[in-house]
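What follows is a short report on a single structure.
Every number here is computed from the coordinates shown, using simple stated rules; none is lab data. Please read these numbers as outputs of a predicted model, since none were measured by experiment. When we count neighbours, we look across all protein chains shown, and the Cβ atoms used for this are built from the backbone with ideal geometry, even at glycine.
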Amino acid sequence: MQKSSDQADRAAKILARLRKFIETGDLEKKMVALDAVIHVAADLTLPQFKNTGIEIIFEIEDNLPKLLISDVQIQQVMVNLIKNACEAMMDTTPKLLQIIAVQDDDQHIKVGVIDTGKGLSEEDFATLYKPFSTDKQGGLGVGLSISRSIIANHDGKFWAERNAPQGACFYFTLPTA
């Protein structure tokens, strides 16, 4: 039991260092078209869910302004959200994944990953961003926490809502340059 406890402490310290790097790291930000970032993330994630019956709808506004972002970090956020959404729909019907990107206001773009999966309970909301809190077998429970940190590091906001009648919506905003 002591070895297990030591390994858990070690993993927590590694994650804390990773999170600190993500929050303050000097990754290069550049002007990027968000639609390209979203499509690369989808191309990286969706093939593993090819034969699951998930219908995917992209609703990306034309002529969104380019953003000053770390494309790799935002791709990682999108990969995490898309993967979580697809996994949440494995045992549900219908299986509909919507990926949206719209001008939210004059200074922000809003991105959403919306699913018709099992949804979020009150308990889920209470622990959503708590590291190592997961109900997925083999999951670490750190993806949403890291994703929220990445978006905060880009001066954006990250939140979750219930999708009616079933499922979850994860949104984030990013400031326009």
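Filter segment 46-70 down to the residues that are farther than 18 Å from Ile151 by Cβ and either under 15 Å from the mean Cα position of the chain (by Cα) or surrounded by 18 or more Cβ atoms within 10 Å (Cβ to Cβ) (or both) and list them by number.
Leu46, Phe49, Ile54
Kindly check whether there is at least one residue in segment 77-88 that is over 16 Å from the mean Cα position of the chain (by Cα) and more than 15 Å from His154 (Cβ to Cβ). Let's see the steps before the verdict.
Let us first name the residues in segment 77-88 that are over 16 Å from the mean Cα position of the chain (by Cα), namely none.
Within segment 77-88, none of the residues are over 16 Å from the mean Cα position of the chain (by Cα) and more than 15 Å from His154 (Cβ to Cβ).
For segment 143-165, does any single residue satisfy the condition of being of a type in the set (A, V, I, L, M, F, W, C), closer than 16 Å to Leu34 by Cα and buried (at least 17 other Cβ atoms within 10 Å of the Cβ)?
Initially, segment 143-165 is screened for residues of a type in the set (A, V, I, L, M, F, W, C), giving 144, 146, 150-152, 158-160, 164.
Then keep just the ones that are closer than 16 Å to Leu34 by Cα; that gives 150-151.
In the following step, the residues that additionally are buried (at least 17 other Cβ atoms within 10 Å of the Cβ) were identified as 150-151.
Within segment 143-165 (the criterion being of a type in the set (A, V, I, L, M, F, W, C), closer than 16 Å to Leu34 by Cα and buried (at least 17 other Cβ atoms within 10 Å of the Cβ)), the answer is yes, since at least one residue qualifies.
Considering only residues that are in contact (Cβ under 8 Å) with a residue 12 or more places away in the chain and part of a loop (DSSP other than H, G, I, E, B), which ones fall in segment 47-59?
Hits for segment 47-59 are Thr52, Gly53, Ile54.
For residues that are surrounded by fewer than 16 Cβ atoms within 10 Å (Cβ to Cβ) and in contact with a Cys (Cβ under 8 Å, 6 or more places away or on another chain), tally how many sit in segment 31-45.
So the answer is 0.
Anything in segment 85-112 that is among the β-branched types (Val, Ile, Thr) and either under 18 Å from Asp35 (Cα atoms) or touching a strand residue (DSSP E or B) at 6+ places or on another chain (Cβ under 7 Å) (or both)? List them, or say none.
Applying the first criterion (among the β-branched types (Val, Ile, Thr)) to segment 85-112 yields 92-93, 99-100, 102, 109, 111.
Listed by number, the residues that qualify are Ile99, Ile100, Val102, Ile109, Val111.
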